[in-house]
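Data first, discussion second: the structure below is written as structure tokens.
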Amino acid sequence: MSDQHMPITEEELHAYVDGTLSDERRAEVERALEQNPELAARISDYFSLNSLFHERYDRVLNEPVPKRLQPAAPRRSRVAANWPQFAGLAAALVLGIGIGFGTHMGQDAMPTMAGSANTRPVSADSSEMLAHQAAVAHVVYMPAVDRPTDMSVDHEQDFVQWLANRLGTNVHPPMLARQGFALSGGRLLPGPDGQTAQFMYRGPNGERVTLCISRRQVNSNTTAFKLYQDGPVNVFYWVDGDFGYAVSGGIDRKLLLQLSHDVYSQLTGAAPPG
Amino acid sequence: MDVRDELMEHVPRLRRYARALINNRDLADDLVQDTLERALGRTGMFEPGTDLRAWLFTIMHNVFANQARKASSRAVHVAVDDESVHESEFAVPAQQVRSLEMRDLDYALQRLPLEQREVVLLVGLEEMSYADVALALNVPIGTVMSRLSRGRERLRALMAGSQPGAKLQVVR
């Protein structure tokens, strides 16, 4: 497009949120958002709305379909969900858009959030990006593959293998039974550096914890655990050689850290980093 | 695979959309059932190779619009089943703050005019393209865009007004 200053239309703002804008115009919208906090707040809320819809209603996809809605022979059908918007969400996060609805709606109740929108560098450290993505994925996604009802907690190892096979990944989720967390499902998320495996766990009181494991393009040394917080979601993340890990949950940080240690020691068979 | 089998694969998505649209499990499943029955009765009208999902959502829209019309002529409102929100089906275990938001979402959606609610959900939840939404609802794409725009702004206002401050209790 030759005209750099073509005004951004209302339609284009929505297309930006829904991930259907051309790369070129998307960059222009992002520039406009950087310069206009009010507009950025509005667009952030639109993103949040889409996330909230999924967070609220995606669980229906995993409910058993009642008999009356099964005129054909019942069969186990896997819902082929498509998530074209993950890339769009990641782009939104670069702009520091929070995941909680309303983080930008209070007048100035959250100055740190608003401030970071303008100051966070676009090329954020890639392990930090993983933490952002993990926090969003924790809130947004439900398992694509669920634990079959006939696979009880006593058969955790069977389920681990079964889940990895179903997802088509050689990444095996660790077992967090020591803290009372059981694996409940998983899904693969598309990402710029290839796929990220996301595993969901449920605690004794129904607490939800997710673990994201993504292969990194650049091999790097093992890092210490770092904490990232986005709204109510805490994320511990670290890098170990070829892989980045992120453990997310809206639970007590101490418990989350213990879980992270368990993940670390199982996946590497070593003592946790500092 | 015949249309009938293929149809069943769409049931979870139809249920998800209906649940968001109506916010009452039984009424939402009624809508899905009516949609499936009508679709099964008309599989001959479905052109193989075209988008089955779009066809199903069109049928659902027509069934729902008919019901809404009848309901309003009888001056009976579809109940927003508040009881059901407490059930485990919608329990949000994570945090009080989030579950407040979730309740707000149901509340706000139900206060959106039907035609805006449909568009906002088909785009935001079902992730349909604007063109497919226009086809499913049988309206021009410009109408889709204006409903989307007004619907999102209205939802935003409703959500912002419903819980002042409640979502901002983040411990730093």
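Worth pointing out:
- Count - residues of the range B:28-65 that are buried (at least 17 other Cβ atoms within 10 Å of the Cβ), hydroxyl-bearing (Ser, Thr, Tyr) and away from chain A (no Cβ under 14 Å): 1
- One residue alone among A:Gln198, A:Gln229 is under 15 Å from A:Val263 (Cα atoms), under 14 Å from the mean Cα position of the chain (by Cα) and either assigned to a strand (DSSP E or B) or at pLDDT 80 or above (or both), and that residue is A:Gln198.
- Residue satisfying condition, being at pLDDT below 50 and more than 11 Å from chain B (Cβ to nearest Cβ), within set A:Ala81, A:Ala32, A:Ala90, A:Ala40: A:Ala90
- A single entry from A:Arg216, A:Arg187, A:Arg178 fulfils the requirement of being in contact (Cβ under 8 Å) with a residue 40 or more places away in the chain and touching a Gly at 6+ places or on another chain (Cβ under 8 Å): A:Arg216.
- Against the list (1) assigned to a helix (DSSP H, G or I); (2) surrounded by 15 or more Cβ atoms within 10 Å (Cβ to Cβ); (3) modelled with pLDDT under 75; (4) not small (Gly, Ala, Ser), the condition A:Phe159 fails is (3).
- Of the helices (runs of 4 or more DSSP H) that lie entirely inside the range B:1-93, those containing 3 or more residues that are modelled with pLDDT of 80 or more span B:3-9, B:11-22, B:25-41, B:52-73.
The values are calculated or read from the model by the stated rules, or taken from the named source; none is laboratory data. Being a predicted model, the structure only gives us computed values, none of them experimental. Please note: Cβ atoms are built from the backbone with ideal geometry, for glycine as well, and neighbour counts cover all protein chains shown.
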